[in-house]
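A short write-up of the structure that comes next.
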Amino acid sequence: MSDRTVLITGAARGIGLATAKRFLAEGWRTGLLDIDGKTQNAAVEALDRPDDVLALTCDVAIEDQVASAFEAVRDRFGRLDALINNAGVAIFKPILETTLAEWSRVLDVNLTGPFLCSRQAVPLMTNGGAIVNIASISGQRASTLRVAYGTSKAALMHLTKQQAAEFAHRGIRANCIAPGPVDTAMAKAVHSPEIRADYHDAIPLARYGLEEEVAEAVWFLCSDKASYITGQTLAVDGGFEATGIGLVSLRRSLGE
Ligand SMILES: NC(=O)c1ccc[n+]([C@@H]2O[C@H](COP(=O)([O-])OP(=O)(O)OC[C@H]3O[C@@H](n4cnc5c(N)ncnc54)[C@H](O)[C@@H]3O)[C@@H](O)[C@H]2O)c1
C-alpha cells in the first residue's frame with residue numbers, strides 16, 4: 001500500500017467511480033466526493049476498502065462545503081498527490097430556452113467547482129502532484145443544445161492551462177481530458193436514440209467509450225510516466241475530434 005492519495009469528485013458512479021477503482025488498484029488511498037451521498041455510500045460499500053477509502057458528501061460549487069471536504073482529506077490522509085475534477089452536470093437546451101439559473105448552475109458545477117477544489121488541493125500537494133480536469137468534446141467543438149455545457153468545458157480547458165502555468169513551480173502538473181460519448185447515467189439522460197446513432201456514425205471507432213478507458217487516461221496523466229506533460233488536453237474520444245465533415249461516407253466505403 002502506497003501513501004499516495006487521490007481525491008476524485010463526482011465519484012459516486014460513472015467515470016469518477018471507474019477512476020477511483022483504477023487508483024485503488026494501484027494501491028493509492030482514495031477520497032471519493034459526490035453531492036449524491038446515498039449513491040456514493042452504496043458504491044463505497046461495494047468497493048469494500050474501508051482502510052483506503054474516504055467518502056465525502058459535498059457540492060463542489062459551494063465554497064464552504066469544499067473547504068470542509070478538503071479539511072477531512074487532510075485530517076484522514078495528511079497529504080494529496082492527485083485531484084481529479086470530474087463532477088459535472090449537463091443540461092442540453094437551445095440558447096434561447098436556457099434560463100439564467102440553468103446556465104449558472106452548469107457553470108458553477110463544471111467550472112467554478114474545479115476552481116474551488118483546486119485551490120483547496122494545491123496546499124495539500126506538498127510533494128508535488130497532478131490535477132486532471134474532465135472536460136468534454138463539447139468544449140472542443142460547438143454543437144447544438146450545449147451552450148452552457150460546452151462553454152463550461154471550453155473554459156475548463158483554459159483553466160487547466162492557467163493551473164499548469166501557475167502550479168508548475170510547485171511540482172504540480174495540470175492536464176485535461178476531453179472524453180467523447182461514454183455510456184454513463186449522464187449520457188443515458190441526455191442522449192436520445194437519434195443522438196446515439198449519430199455518434200456511432202460520426203466517430204471513427206464507431207462506438208461509445210468505456211468508463212474504464214477514460215479512467216486509464218486519467219491514471220496515465222497522474223502517473224510518473226507523464227512527468228513532462230502539463231497544460232494539455234487529451235481527447236479520449238474514438239477519433240471524434242480528429243475528424244470532420246464528409247468522413248462518414250468515406251469511412252463506410254472503406255469498410256465495404
Ligand atoms: N458520459 C459522457 O458521455 C461524457 C462525455 C464527456 C465528458 N463527460 C464528463 O465526465 C464527467 C463524469 O461524467 P459521467 O458521465 O460519469 O456522469 P455521471 O452523471 O454518471 O456522474 C457525475 C457524478 O457527478 C456528481 N455531481 C454532479 N454535480 C455535483 C456537484 N455539484 N458536486 C459534487 N458532485 C456532483 C453526480 O452526483 C454524479 O455522481 C463529467 O464532468 C462529464 O461532463 C461525460
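Roughly how many Å is it from the Cα centre of segment 200-232 to that of segment 87-157, as a whole number?
Centre-to-centre (Cα) distance: 18 Å.
Under 1.5 on a/c is rounded, so check that first for segment 201-246, then, if it is not, pick prolate when a/b is larger than b/c and oblate when it is not; a ≥ b ≥ c are the square roots of the alpha carbon gyration tensor eigenvalues. Working shown, then result.
Values: a/c = 4.48, a/b = 1.81, b/c = 2.47.
Verdict is oblate for segment 201-246.
What number does segment 110-207 give for Rg over Rh if you use C-alpha atoms and the Kirkwood radius? Intermediate results must be reported in sequence, preceding the final value.
Values: Rg = 15.8 Å, Rh = 14.9 Å.
The Rg/Rh ratio comes out at 1.06.
Straight distance only, please: which aspartates and glutamates reach the Cα of LYS153 with their own Cα at less than 16 Å, same-chain residues fewer than 8 apart left out?
GLU102, ASP108, ASP237, GLU241
Under 26 Å between alpha carbons, and skipping anything fewer than 8 positions from LYS38 in its own chain: which lysines qualify?
LYS21, LYS188
For a quick check: sort ILE91, ILE15 by the number of other beta carbons within 10 angstrom, fewest at the front. Before the final figure, lay out each step's value.
Working: ILE91 17, ILE15 28.
Listed from fewest to most nearby Cβ atoms, that is ILE91, ILE15.
Could you list SER143, SER152, SER118 in order of exposure, starting from the residue whose Cβ has the fewest other Cβ atoms within 10 Å? Don't skip to the answer; put the middle values down first.
On the way: SER143 13, SER152 28, SER118 23.
Starting with the residue having the fewest Cβ neighbours, the order is SER143, SER118, SER152.
I'd like the distance between the alpha-carbon centres of segment 1-25 and segment 50-85, rounded to an integer number of Å.
12
Tell me, what is the percent relative contact order of segment 1-79, built from C-alpha pairs under 8 Å that lie six or more residues apart?
28
GLY209: net charge of surrounding residues, Cβ under 10 Å, Lys/Arg +1, Asp/Glu -1, itself excluded?
Working: positive: ARG207; negative: ASP183, GLU211, GLU212, GLU213, ASP237.
Counting the neighbours of GLY209, the net charge comes to -4.
Fewest first, what order do HIS158, HIS191, HIS169 take by the number of other Cβ atoms within 10 Å?
Listing HIS158, HIS191, HIS169 from fewest to most nearby Cβ atoms yields HIS169, HIS158, HIS191.
Rounded to the nearest whole Å³, what is the per residue volume of the convex hull around the Cα atoms of the chain?
On the way: hull volume 34.3 nm³, N = 256.
Taking the convex hull of the Cα positions in the chain, it is 134 Å³ per residue.
Evaluate the relative contact order of segment 111-214 (contact order divided by residue number), counting alpha-carbon pairs under 8 angstrom at least 6 apart; express in whole percent. The partial results should precede the final answer.
Working: 113 pairs, mean separation 27.6, N = 104.
Relative CO of segment 111-214 lands at 26 percent.
At 18 Å minimum axial length over the Cα atoms and a Kyte-Doolittle cut of -1.0, report the qualifying DSSP H helices in the chain, or say none. It would help to have the intermediate numbers written out before the result.
Values: long enough: 63-77 (21 Å, -0.53); 147-167 (29 Å, 0.00).
For the chain, where a helix must reach 18 Å along its axis and average at least -1.0, the hits are 63-77, 147-167.
Using Cα pairs closer than 8 Å and at least 6 residues apart in sequence, work out the relative contact order for the chain, in percent.
Working: 487 pairs, mean separation 46.8, N = 256.
This gives 18 percent for the chain.
Counting other Cβ atoms within 10 Å, keep those with at most 14, restrict to DSSP loop, and tell me which trypsin sites (Lys or Arg not before Pro) in segment 146-247 are left. Display every interim value, and only then the final one.
Details: sites: ARG146, LYS153, LYS161, ARG170, ARG173, LYS188, ARG196, ARG207, LYS225; in loops: ARG207.
Of the trypsin sites (Lys or Arg not before Pro), the ones in loops of segment 146-247 whose Cβ has at most 14 other Cβ atoms within 10 Å are ARG207.
No lab work stands behind these numbers, since they all come straight from the coordinates. Note that the coordinates shown come from a computational prediction; the quantities given were computed from them, not determined experimentally. Every residue, glycine as well, gets a Cβ built from its backbone with ideal geometry; the counts of neighbours run over all protein chains shown.
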